[in-house]
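The block underneath contains the structure these notes are about, expressed in structure tokens.
The values are calculated or read from the model by the stated rules, or taken from the named source; none is laboratory data. Remember, it's a predicted structure, so these values are computed and weren't measured experimentally. Here the Cβ is made from the backbone with ideal geometry for all residues, glycine too, and neighbour counts use every protein chain on show.
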Amino acid sequence: MVTIESNWKSKIFCQLKEHNCQSKAYENIIEHYNRILENNTILQVQCIKLEKDVYHLRLANTDLERTVEGSQEVVIINNKLSEANEEVVRHLREKGELAREVVRLNHALTDVNEKFIREEIKAQQYKNENDALHEKLETAEFQTNELLQTNHKHKPLYNRLTENYSTILVRCTDQERDILTLRQENTDLQKNSVSVAGLPVNDKIRTLENDYMKAKDEILTLLRERGDMTKEVISLSRLVKERDEKLYTEQNKNQILTKENVSLKQRLESTEDQLSALKKVNETIHDEFQALQLAYTQLEERQKELDATIAVLRQKMTEKMEKKCNALDEEVKLHEKRREDDVKRKLDEAKSDLMMPALSNMVSTTASLTQLKNANLDGKVHLTPTIDFIKVIVPKKAIVKWDCGDNELHAIQFHPSGSLIATGGRDRKIHIWELNAHYNQVQQVYVLTGNNSTVTAIDFDNENANLILGCSEDFACRVWGLADQRLRHTLTGHGAKVFCAKFVTATLIASGSQDRTLKLWDLQNRQCVRTLFAGSKCHDLVAHDASGSLISGHFDKKIRFWDARNDSTKCELQLQAAVTSLSINREKQLLLACSRDDTLKLIELRENRVIQTFSHDDFKVASDTIKAVLSPDCTYACAGSNDGSVFVWNTTTGKIERVLNKEHS
């Protein structure tokens, strides 16, 4: 009896023990099943998110057109879209060639106009010289005529004087001869009268003496008149000689002026011929310019039509892809349902068999389901890493160097993804470079053209990261699309070089210029919506918020804070030198300003006051284009110096953290 009772108790105890083990295993299975259901729910949510991402990627990525090859209508639409894109590209190329031709003709027209103006100035100078020579010639002719009239007036008098002189000379000769005769007679009479005395002889002698005295007086008078006439003849001869010499000189001058006048007339005629030829060339270029402008307008209209056609085709393609995606979603849901049924079936098997291998199978099945949900259409599993924080490390040396061309670089900007770099400079192009995963190799992916002068600044759209903005010294800003590298917008309106331009939002752009104004541009309406008059040329600006509040740095040593509600400044911050650049942190609380007094200043934006100043003995700001930036965590401030070195300061301590000596030559 005792043995039977003990066996019965031992059997019951064993059964209870076995039942306890089974209940614990069952509870573990239920607990794992609940976890699997929770993971399944989480995976469904993640799958929905991934499906949405895949949907957006399908719309953006042209490589996913392979997924709709089964639909003949979508293939036709894709072919039409490709043809339209090719036609757009062809028209854009033609448009670019026409634009280049227009620019070339504009330059040629400007050169011709400048040459025309120079020739007109030369012609005016020749005309003035010709007029002066004409005046000199008229003066010389007038003086010559006066001399001829004076000569004609004095010539009869001279002739009369000559005749009188000849007559007086003859008379004097006769008188001298008579005097000699009388003297001889007087001598003879005196000899005869020595021996003969008588009155008649004496009377005769006295008579002869009186006649002699009268003749002598008359001779003296004639001699005086002769001397006076001789003096007058000599003076008149001298005067006539001087007038003849002056007349000869004036005639020589007249001949020289006549020759110069003839040469000037010939030069004037040749200049007029050149001017007429230049006018014809100018008219021809103007006609070609108008024809090209008309062709350009027609191409723009054609491009608008093609854009509308492309939009319609894209809409149709979007609808087809939505249908296809919906079908794929249904397939995915059906596949998930089958997997869930399979999981439930295996759970039931595990529940019935109370075996852990079933649990491991369910876990592996769940893992495969997770990979399926994260799988792309090409069959590859993509794991998206999660970045919890950003750690800033001060570099010690350059990890990669590459040649960007022979021209100077004036602007550089990282894409928000960090895998692309945009550079621009004097070659009037924006180059897009791609970095590899280790940031040690760089290759050029494409080049954006359209600028007519040096590129001064570059910025990316931080919201969608699919637009790039560039400003230039040709008084304009331009916006390109990164996906198709097409010039979307050209913003003109500034009256001088544009030094800076930034995205405020995806559709709002701010720019600052040498014309001492800031402008806000609406990309949707393609027009300037606000113009802010600063009174000093703007070197750099940043957006304070999405409403259009701006902060700008200027040549007059001021930082201006602009109100988005009106066109006036909220306040101004005066520095000790011209401001060359501004950099604002992501939280819009700190502003870094670089100025020409070789210092960087950190400004707290709540009170608009300088809280830290950075400087170094070797740090020199030698131009208005020197830029300074804050690190993403605002721990460091960085700027380049005139000697090619890069200086890094600690914003907390204000001390220099590191100097990368002369990385640039």
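Here the condition is being buried (at least 22 other Cβ atoms within 10 Å of the Cβ), charged (D, E, K, R) and more than 16 Å from SER536 (Cβ to Cβ); of LYS601, LYS570, LYS588, it holds for LYS601 alone.
Pairs are defined by a Cβ separation below 8 Å, a sequence spacing of at least 6 or placement on different chains, a first member in segment 268-292 that is more than 16 Å from GLU120 (Cβ to Cβ), and a second member that is modelled with pLDDT under 80 and surrounded by fewer than 12 Cβ atoms within 10 Å (Cβ to Cβ); no pair meets this definition. Could you tell me how many of the residues in segment 621-665 are more than 21 Å from CYS538 (Cα to Cα) and more than 26 Å from the chain's Cα centre (by Cα)? Residues flagged as more than 21 Å from CYS538 (Cα to Cα) and more than 26 Å from the chain's Cα centre (by Cα) within segment 621-665 amount to 27.
Residues in segment 307-330 that are of a type in the set (A, V, I, L, M), within 25 Å of ASP484 (Cα to Cα) and surrounded by 16 or more Cβ atoms within 10 Å (Cβ to Cβ): 4 in all. In the set PHE619, PHE614, only one residue is surrounded by 14 or more Cβ atoms within 10 Å (Cβ to Cβ), more than 22 Å from GLN413 (Cα to Cα), of a type outside the set (Lys, Arg) and modelled with pLDDT of 95 or more; that residue is PHE614.
Taking the criterion of being of a type in the set (A, V, I, L, M) and under 17 Å from ASN462 (Cβ atoms), the residues of segment 412-431 that qualify are ILE412, LEU420, ILE421, ALA422.
Just one of the listed residues (SER631, SER595, SER645) is in contact with a Leu (Cβ under 8 Å, 6 or more places away or on another chain), under 30 Å from ASP403 (Cβ atoms), surrounded by 15 or more Cβ atoms within 10 Å (Cβ to Cβ) and not aliphatic (A, V, I, L, M), and it is SER645. The residues of segment 511-550 that are of a type in the set (Gly, Ala, Ser) and not in a strand (DSSP E or B), listed by number, are ALA534, GLY535, SER536, ALA546, SER547, GLY548, SER549.
For segment 226-250, a residue qualifies if it is closer than 19 Å to ALA140 by Cα and either touching a helix residue (DSSP H, G or I) at 6+ places or on another chain (Cβ under 7 Å) or of a type in the set (Val, Ile, Thr) (or both), and the qualifying residues are VAL240, ARG243, LYS246, LEU247, THR249, GLU250. Give the residue that is nearest to the chain's Cα centre (by Cα), with candidates limited to residues of segment 496-510 that are under 21 Å from ILE626 (Cα atoms) and in a strand (DSSP E or B). Ranking the candidates gives VAL498 first.
The set of residues in segment 589-615 being within 30 Å of the chain's Cα centre (by Cα) and either part of a strand (DSSP E or B) or touching a residue at least 40 places away in the same chain (Cβ under 8 Å) (or both) consists of LEU591, LEU592, ALA593, CYS594, SER595, THR599, LEU600, LYS601.
Taken together, the criteria exclude ASN452 from residues that are under 16 Å from PHE414 (Cα atoms) and not hydrophobic (A, V, I, L, M, F, W, C).
What residue, among those in segment 422-444 that are among the small types (Gly, Ala, Ser) and touching a Leu at 6+ places or on another chain (Cβ under 9 Å), is nearest to LYS401 (Cα to Cα)? Among residues in segment 422-444 that are among the small types (Gly, Ala, Ser) and touching a Leu at 6+ places or on another chain (Cβ under 9 Å), the one nearest to LYS401 (Cα to Cα) is ALA422.
Within segment 537-582, the set of residues being among the hydroxyl-bearing types (Ser, Thr, Tyr) and closer than 20 Å to LEU508 by Cβ comprises SER547, SER549, SER552, SER568, THR569.
Would you call LYS241 surrounded by 12 or more Cβ atoms within 10 Å (Cβ to Cβ), of a type outside the set (A, V, I, L, M, F, W, C) and assigned to a helix (DSSP H, G or I)? It is false that LYS241 is surrounded by 12 or more Cβ atoms within 10 Å (Cβ to Cβ), of a type outside the set (A, V, I, L, M, F, W, C) and assigned to a helix (DSSP H, G or I).
Taking only segment 434-455 into account, find how many residues are under 11 Å from the mean Cα position of the chain (by Cα) and surrounded by fewer than 22 Cβ atoms within 10 Å (Cβ to Cβ). I'd like the intermediate steps shown before the answer.
Kept after step one, since they are under 11 Å from the mean Cα position of the chain (by Cα), are these residues of segment 434-455: 451-455.
Going one step further and asking which of them are surrounded by fewer than 22 Cβ atoms within 10 Å (Cβ to Cβ), we end up with 452-454.
Summing the residues that are under 11 Å from the mean Cα position of the chain (by Cα) and surrounded by fewer than 22 Cβ atoms within 10 Å (Cβ to Cβ) in segment 434-455 gives 3.
Counting only strands (runs of 3 or more DSSP E) that sit wholly inside segment 402-477, those with at least 1 residues that are in contact (Cβ under 8 Å) with a residue 12 or more places away in the chain and over 28 Å from SER623 (Cα atoms) are 430-435, 442-448, 467-472.
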